[in-house]
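Heads up, the thing below is written out as structure tokens.
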Amino acid sequence: MLVMRKIILIKIAFNPRSKGLPNDAGYIIKSNRKYRVIDVYLNDRKETIIHVLETKNHELTIDDYIKGIINWNRRYKIMQSHTATHILASIMCNEYGTLIIGGHIFSEYSYDDYSLDAYDSEILEKL
Ligand SMILES: [Zn+2]
């Protein structure tokens with residue numbers, strides 16, 4: 001059975017999930033042990049970034065030197081998707097006077113909700 005362990009790092013490179021954007025994923029490496037990072041988030045006070053590791057046992061301790069490896073393919077897809085949503089939002093605002101009222105970006109796809117008065121397939125085809 002895999003157990004999830006949470007760690008806090010002094011310096012971080014992993015983006016936490018926030019405001020419709022997903023967290024980074026990847027690995028934390030200490031010596032020869034590799035821990036998969038399955039979640040990264042801010043604590044309730046938004047002061048500390050928590051890294052959730054998938055591991056059977058806990059070998060990380062305070063003052064350990066570790067190496068973090070971000071899943072770059074995932075991060076890059078998120079970045080591209082994020083940029084695309086801003087481009088579409090700009091077109092929707094400038095051409096049709098609509099604003100985003102919701103949405104979410106995932107590593108494989110994203111969606112936005114717009115404040116159109118009614119569904120208009122012509123607008124979607126133009127986009
Ligand atoms: Zn943005």
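Values for this structure:
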item: Scan of the stretch 1-23 for residues that are within 16 Å of the ligand (Cβ to nearest atom) and either surrounded by 13 or more Cβ atoms within 10 Å (Cβ to Cβ) or assigned to a strand (DSSP E or B) (or both), ordered by number; result: Asn15, Pro16, Arg17, Ser18, Gly20, Leu21, Pro22, Asn23
item: Pairs with Cβ under 6 Å, 6+ apart, first in the stretch 79-92 and not assigned by TED's automatic domain parsing to the domain that holds Ala25 and more than 11 Å from the ligand (Cβ to nearest atom), second among the aromatic types (Phe, Trp, Tyr) and not in a helix (DSSP H, G or I); result: Met92/Tyr114
item: Filtered residue count, the stretch 82-110, keeping only those that are part of a helix (DSSP H, G or I) and not aliphatic (A, V, I, L, M); result: 9
item: Pick from the stretch 26-50, criterion in a strand (DSSP E or B) and over 14 Å from the mean Cα position of the chain (by Cα), ranking: nearest to Arg75 (Cα to Cα); result: Tyr27
item: Residue check, Leu53 at pLDDT 85 or above and in a strand (DSSP E or B); result: yes
item: Qualifying residue in the stretch 67-75 (condition: within 16 Å of the ligand (Cβ to nearest atom) and outside any strand (DSSP E or B)); result: yes
item: Criterion: within 18 Å of Leu124 (Cβ to Cβ), free of Cβ contacts under 8 Å to residues at least 60 places away in the same chain and away from the ligand (no atom under 16 Å from the Cβ) - qualifying residue of Glu95, Glu59, Glu108; result: Glu95
item: Ile62 surrounded by fewer than 17 Cβ atoms within 10 Å (Cβ to Cβ) and touching a Cys at 6+ places or on another chain (Cβ under 9 Å); result: no
item: Any hit, the stretch 38-48, residues being under 27 Å from Thr83 (Cβ atoms), surrounded by fewer than 15 Cβ atoms within 10 Å (Cβ to Cβ) and outside the structural domain of Asp112 (by TED's automatic domain parsing); result: yes
item: Residue check for Ser115: within 16 Å of the ligand (Cβ to nearest atom) and free of Cβ contacts under 8 Å to residues at least 60 places away in the same chain; result: no
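The values are calculated or read from the model by the stated rules, or taken from the named source; none is laboratory data. Every value quoted in this text rests on a predicted model; they were computed, and no experiment measured them. Virtual Cβ from ideal backbone geometry, glycine too; neighbours counted across all protein chains shown.
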